[in-house]
Amino acid sequence: MLRNFFKVTVRNLWRNRSFSVINILGLAIGMASALLIGLWINNELSVDRFYSKKDRIYHMYSREMDNGRLDAWGRTPSPLAAELKKDYPEVEDASRFRTVYFLMTEGEKHFNLEGAFADSGILSILDFPLLQGNARTALNGRHSILLTEHVAKSLFGAEDAMGKTVRIDSSDNFTVTGVLKDLPPNTEFTFQYLLPWAYVDQLGWDAVGGTWQYTNSGCYALLKPGASEAEFNRKVQHIVRRHVTTGEGFAREIFANPITREHLYSRNENGVLVAGRIRTVQLFIIIAVFILLIACINFMNLSTARSERRAREVGIRKVVGALRSSLITQFIGESIFLAALAFILALGIVLFSLDGFDRVIGIPLALNLSSPAFWLFSVGFIVFTGILAGSYPAFFLSAARPVRVLKGASQKINALITPRKVLVVLQFTFAIALITSTLIVENQLRYARGRDAGFDKDRLAFTFVQGDVLPHYDAIKRDLLSTGAAVGVTKTFSPITRVWGQSTGFSWPNSTSADKNLYFTEFEADADFVKTTGTHLVAGRDIDLNNYRTDSTALLLNETAVRMMRLQNPVGSTVTNVNGIPFHVIGVIKDFIIANPYEPINPMIIRGLATGYPVIHFRLNPDRPLAADVAATEKVFRKYNPQYPFEINFVDDVYNAKFRSEQQEGTLGILFAILTIFISCLGLFGLAAYMAESRTREIGIRKVLGASVTGITLLISGDFIKLVVIAIVIATPIAWLSMDSWLQGFTFRIHINAWVFLLAGFLALAIALLTVSYQSIRAALANPVKSLRSE
């Protein structure tokens, strides 16, 4: 029986080759799209979920009111980890964690690499595979270091790295006590080496910040089996208040966030981490399901369209005794066989396009063809798709009555509502909704990018201070300006695109006690800040420590700060910080975006700082080639800091990276919208071909009676255009509701305009019309004598 089913299936596919190709290609593209999205979703859902103790690992967070909003962030006071281990019996282990960048030197090899400081318990909490060394003791020594496999090979080649010495920041030697396997792509950790926290103490970096008032380090806690997260959060909520009696940090709360939720639930809403990446995952699950469903609808439509031909086959088989169940099995089997062929083609499409897809999403994905689990999933995927695609045609065709079909009775193809028309409307409804949503996402991105940043990003760059740069800063600045490589140079405490500090507790004339809770973004700068960064002075002057030594206690306020401080004449005012130190306001600067371009600008103070600048900004000369400016700048830095590689960061690149997530969503939306339309049009093309073929006699008669080519073309195309118009009507409110909900996540957002829906509808109509016009015109141009004679 199976052999007979197989023969019948192959013969039917071969007899209807054009329909078979359309079916297989449509299913293959749908499957390939679903597989690519599935690989991406699997990676997203697996981020930091591979630890053996994942259900007991928590990232400790701080929570506090910030200018009327309850904010939450993933840094805590440095002493927290030790107290958790000492005083909380439900804590099995806890470790501090802080990202750091150091120059790593071995012989003539120099690498600027991202690493991290951590306590020795970090590897018992986050059990990244250790290829060499003892996880319990590897970070016990003050000058111990763990390298990832890639870094170890870069430094020592094929030699065994264990026991070797590397130099950190051209100052201290460290002994390699362990080699970690390279971190997998599905983790948010990006360190390439680990250093003991004891080295932080040696450097004195925690001398000021290592108190309960400051949140300057990460903390990861491992709870004991059976420990209650809710009870633990209740106990640690006010732990800071036990050590800080007043001022900054007094009202701060601590809570534990499961590491398994970190990646997907990262958006802060009133101090609670909700939503975030999970919404994108849910969105693309829906897209994958609908793309596959559209491909299956193509199969259903084309199969039922050919029902009149196969109805005679069904009638004859029923007359000779075939049961309906055997007919259903035959058609489902054909569908599964077709799905298997499509899956093979889909695998080829996925393997061919995987590199390009990786570049779009920025994550390396892999299709593990050697995994038994993959092939088990594949078989299930083929069977599921085959049954989904073939179920309706199977029940539709097997229900045909032998007497009617053998007498030549046919289906009413011009009925007002048919399953085929409903399925076409469903296809285009999703396609139009996806096009509309993609247009809105792109419009929101364009709106956010077009928002005035408040500074000039063109040719503005920065580099982090390392080695001998700071002692030679004056000479570096002089050479950069004298050679014409730069037209402005300044030192700052942080890049102009990042917030590294916030403070409360400030007071000023006529301020209230409530004003002490106002959070200010802190930024520190040296001379020529305004000139170099292209920010704009509204009043007063720029900070200039070279000519005004008292500018170490000078302040610039942004416009938002002036407004919230209710200062009528800010220049000359005195602002006192939480420690009672007075600062004098010398100028007001126009608001500029330093953090999230989608959020409101916070009040900001920019103060002078005599020492400790870790960042140098410089504006390259716009009158010279960019490559020449970069080469000349590198030459100057290497002259005064030869041991360190020169690394330049362009502000426009860093700023644009703030839109990366939304850009990826938009790019993927465009890609899958195109694929959705293509798959839908494949089905439409096949249906148009069938409709033209089934109406050959009618067309011939109409032409004989004087119908024009245009009239016949509109007759055939009109049926499909009506369906697309109905789809536009249905898709418009669906797209509006979903995108309005998406836009609520942005403080600065566009208003959805009607032109978006009009454009999406026009595109869908134009594409549908182009798709069916070929078959319509071809049928209209056919010789009526030939069609009537053959009939």
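The values are calculated or read from the model by the stated rules, or taken from the named source; none is laboratory data. Model, not experiment: these values are computed from the prediction. All Cβ positions, even for glycine, are placed from backbone atoms using ideal geometry, and neighbour counts span all protein chains on display. Heavy atoms of the whole protein, side chains included, go into the accessibility calculation; ligands, DNA and RNA do not. Shrake-Rupley method; radii C 1.70, N 1.55, O 1.52, S 1.80 Å.
Residue under question is residue 558, and the condition is that it be surrounded by fewer than 22 Cβ atoms within 10 Å (Cβ to Cβ) and of a type outside the set (A, V, I, L, M, F, W, C); does it hold? When the stated conditions are applied, residue 558 does not pass them.
Among the residues of this structure, residue 482 does not count as one that is open to solvent by less than 10 Å² (accessible area, probe 1.4 Å) and not charged (D, E, K, R). When 160, 71 are checked against the criterion of being outside any loop (DSSP other than H, G, I, E, B) and of a type outside the set (Gly, Ala, Ser), 71 stands alone in meeting it. When the residues of segment 60-95 are filtered to those that are closer than 20 Å to residue 197 by Cα and in contact with an Asp or Glu (Cβ under 6 Å, 6 or more places away or on another chain), the one that is modelled with the lowest pLDDT is 78. When segment 633-664 is filtered for residues that are farther than 30 Å from residue 360 by Cα, buried (at least 18 other Cβ atoms within 10 Å of the Cβ) and either out of contact with any helix residue (DSSP H, G or I) (no Cβ under 8 Å at 6 or more places or on another chain) or of a type outside the set (A, V, I, L, M, F, W, C) (or both), the ones remaining, listed by number, are 633, 641, 644. Checking each residue in segment 75-102 for being open to solvent by less than 20 Å² (accessible area, probe 1.4 Å) and in contact with a strand residue (DSSP E or B) (Cβ under 7 Å, 6 or more places away or on another chain) picks out 76, 78, 80, 81, 84, 91, 94, 95, 100, 102. Scanning segment 74-92 for residues that are more than 20 Å from residue 214 (Cβ to Cβ) and either within 32 Å of the chain's Cα centre (by Cα) or in a loop (DSSP other than H, G, I, E, B) (or both) yields 88, 89, 90.
Using the structure shown, decide if residue 575 is under 21 Å from residue 457 (Cβ atoms) and open to solvent by less than 60 Å² (accessible area, probe 1.4 Å). For residue 575, the condition - under 21 Å from residue 457 (Cβ atoms) and open to solvent by less than 60 Å² (accessible area, probe 1.4 Å) - is not met. Return yes when residue 594 is crowded, with 16+ Cβ neighbours inside 10 Å and closer than 30 Å to residue 279 by Cα and no when it is not. It is true that residue 594 is crowded, with 16+ Cβ neighbours inside 10 Å and closer than 30 Å to residue 279 by Cα.
When 580, 612, 540 are screened for being modelled with pLDDT of 90 or more and at positive phi, only 540 passes. In summary, strands (runs of 3 or more DSSP E) completely within segment 510-625 and bearing 2 or more residues that are in contact (Cβ under 8 Å) with a residue 60 or more places away in the chain and touching a strand residue (DSSP E or B) at 6+ places or on another chain (Cβ under 7 Å) occur at 520-525, 574-576, 604-608, 615-620.
Being part of a helix (DSSP H, G or I), more than 18 Å from the chain's Cα centre (by Cα) and surrounded by 20 or more Cβ atoms within 10 Å (Cβ to Cβ) holds for only one residue in 679, 674, and it is 679. When 97, 128 are screened for being of a type in the set (Phe, Trp, Tyr) and either without any contact (Cβ under 8 Å) to a residue 24 or more places away in the chain or assigned to a loop (DSSP other than H, G, I, E, B) (or both), only 128 passes. Scanning segment 131-156 for residues that are under 35 Å from the mean Cα position of the chain (by Cα) and without any contact (Cβ under 8 Å) to a residue 40 or more places away in the chain turns up 149, 152, 153.
The residues of segment 496-525 that are over 11 Å from residue 604 (Cβ atoms), within 29 Å of the chain's Cα centre (by Cα) and open to solvent by 40 Å² or more (accessible area, probe 1.4 Å), listed by number, are 498, 500.
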